[in-house]
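Below is one structure, written out as structure tokens; comments come after it.
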């Protein structure tokens, strides 16, 4: 009996020990799992920096520059920026005003350089330093601005006309590219379109636009004598004027000059014979007087443009002499005292004091005919 009790005791004791061991084992396993989880958590914490130490990507500044600011910021537009600074503040203030909308056609530096090179007295925008010159420059720049709307390139339709801040109009043509036509009728191409700014849109163009109001100031016309001297096809006529001592006369008054081309004068020399190869060969008094009559016989004391030429008689600067406008085989023609016809070669070469029409035969007044005979 005692033995049986002892065996049961030992068996129960073994079961108790086994249970305790399993419990301890489970407990350790749980602790190990917790430890592993804690270690993983620690490692993860090591890879993360505190939130306030994370370098943040700087968000791009989405605030648009206004038109004036954009022009000032662009290296390719520095000459336009200088021009804006050179004039009064009116235009720059408008280009800075973000309460309204503006379309501004901005000439590139290359366009401004070409513009200045075409002027005789200006090499950079700072040369516009007198009050009148600054006003001319202001008129030019205002001619590039359209106030009251942002006209993107898709809205610039072929044939459309826009009124500028300067009050004159520009015309749009579309032929693959978009072009602006000013008073010179020379196209300016939009090279970079649709630059959105806070107060509208900017288009960069390859030519400075010229309004009619300052065209004569920027590009003064040559006098008649200067225009004749500068025209290669009239070099022999220019020589005749000089030999006749009439250069100063061509700087006077408002005249129409029917100027014979070199080919026309060569025909005269061929007719006169070997003794005459240039107007310098008119050496004696009678020849000099005949030359003077010939030159003045090509000049009318009035400005008569092509559209004003009508069939009829036009008195010349030679006393009691005239040329007659007649209907020729190919349109209007001229007829002199010899009743030979001469045709027009080119019309309407404009000068500051008149107009030149070139002709293919020299005119001989009656007085000159008598002297030559």
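The values are calculated or read from the model by the stated rules, or taken from the named source; none is laboratory data. Keep in mind it's a predicted model, so treat the numbers as computed, not measured. Please note: Cβ atoms are built from the backbone with ideal geometry, for glycine as well, and neighbour counts cover all protein chains shown.
Remarks
- Scanning the stretch 61-71 for residues that are without any contact (Cβ under 8 Å) to a residue 60 or more places away in the chain and crowded, with 19+ Cβ neighbours inside 10 Å yields one hit, 68.
- Search result, residues across the stretch 154-169 that are without any contact (Cβ under 8 Å) to a residue 60 or more places away in the chain and either surrounded by 15 or more Cβ atoms within 10 Å (Cβ to Cβ) or within 15 Å of residue 211 (Cα to Cα) (or both): 156, 161, 162, 163, 164, 166, 167, 168, 169
Matching residues to (1) outside the structural domain of residue 104 (by TED's automatic domain parsing); (2) under 28 Å from residue 118 (Cα atoms); (3) over 15 Å from the mean Cα position of the chain (by Cα):
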site: 155; (1), (2), (3): no, no, yes
site: 165; (1), (2), (3): no, yes, yes
site: 174; (1), (2), (3): no, yes, yes
site: 179; (1), (2), (3): no, yes, no
site: 194; (1), (2), (3): no, no, yes
site: 206; (1), (2), (3): no, yes, no
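- Some residue of the stretch 265-272 being at pLDDT 90 or above, surrounded by 15 or more Cβ atoms within 10 Å (Cβ to Cβ) and touching a strand residue (DSSP E or B) at 6+ places or on another chain (Cβ under 8 Å): no
- Helices (runs of 4 or more DSSP H) lying entirely in the stretch 58-148 (those with 1 or more residues that are within 21 Å of residue 219 (Cβ to Cβ) and either in contact with a helix residue (DSSP H, G or I) (Cβ under 8 Å, 6 or more places away or on another chain) or assigned by TED's automatic domain parsing to the domain that holds residue 201 (or both)): 78-86, 109-117, 131-142
- Residues in the stretch 327-349 that are touching a helix residue (DSSP H, G or I) at 6+ places or on another chain (Cβ under 6 Å) and surrounded by fewer than 16 Cβ atoms within 10 Å (Cβ to Cβ): 2 in all.
- Residue 280 vs. criteria loosely packed, with under 15 Cβ neighbours inside 10 Å, modelled with pLDDT of 95 or more and not in a loop (DSSP other than H, G, I, E, B): no
- Candidates 293, 252, 239, 230 - the one that is assigned by TED's automatic domain parsing to the domain that holds residue 305, touching a residue at least 40 places away in the same chain (Cβ under 8 Å) and out of contact with any helix residue (DSSP H, G or I) (no Cβ under 8 Å at 6 or more places or on another chain): 252
- Residue, surrounded by the fewest Cβ atoms within 10 Å (Cβ to Cβ), within the stretch 302-315, restricted to residues that are under 27 Å from residue 271 (Cβ atoms) and more than 42 Å from the chain's Cα centre (by Cα): 313
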